[in-house]
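Beneath this line is the structure, given in structure tokens, with notes to follow.
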Amino acid sequence: MTYFNSLLGKMRAVRTEYHAEYYAPFVLFSESKPSRTRSIGESLHLFMPTISIHPTPNPDSLKFTAEGALIISSGMLAFNSAAEAADHDLGQALFGLDGVTNVFALPQFLTVTKAPATDWNGLVGDVRRILSDYLSSR
């Protein structure tokens, strides 16, 4: 039970970091008895990694990390166009967003570069959602 309580504490910290519009499907077990038994699929939502955003020296690039998860299993990915990313699920999804011009990934982080005319306010939530969906699908 101590392991579960430790995970529950971490998940509560994650819950407070995310705004509802970015992470609406997040589900937590309550400390009281649940009203019904949750399926294994529902319980897997507890293990979503915390996605953090970090500035880079380039104002058109942001670095995304996922605590407790690898973005890619090994090596490096670099895509400068949608055509280059066509064979990779994450790259293809990111280039599907308006304004994305470059995607660079190592196991520990993902860097997304946008066009100078594109605003980060509309893009950050979409990148975070795509990365979260990608990590949960593996």
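Every read-out reported here was derived from the displayed coordinates using simple, explicitly stated rules and does not represent laboratory data. A quick note: this is a predicted structure, and the numbers were derived from the prediction, not measured. With ideal geometry, Cβ positions are generated from the backbone for all residues, glycine too; neighbour counts draw on all protein chains shown.
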Here the tail fraction of P(r) beyond 21 Å, over all Cα-Cα pairs of the stretch 39-138, rounds in percent to 29
Contour minus Cα-Cα span, Trp120 to Ala86, at 0.36 nm per residue, comes to 9.9 nm
Phi angles of the stretch 61-73, converted by Karplus (6.51 cos²θ - 1.76 cosθ + 1.60, θ = phi - 60°) into ³J(HN,Hα) in whole Hz with x for Gly and Pro, give 10, 10, 9, 10, 10, 10, 4, x, 9, 9, 5, 10, 5
The long-range amide H neighbours of Thr50, using H built 1.01 Å from N in the peptide plane and a cut-off of under 5 Å, are Glu67
Taking Ser137, Ser52 and counting other beta carbon atoms within 10 angstrom, the fewest-first order is Ser137, Ser52
Along the stretch 91-102, Karplus-curve 3J(HN,Hα) (6.51, -1.76, 1.60; θ = phi - 60°) to the nearest Hz, with x for Gly and Pro, reads x, 4, 5, 5, 6, x, 7, 5, x, 6, 10, 7
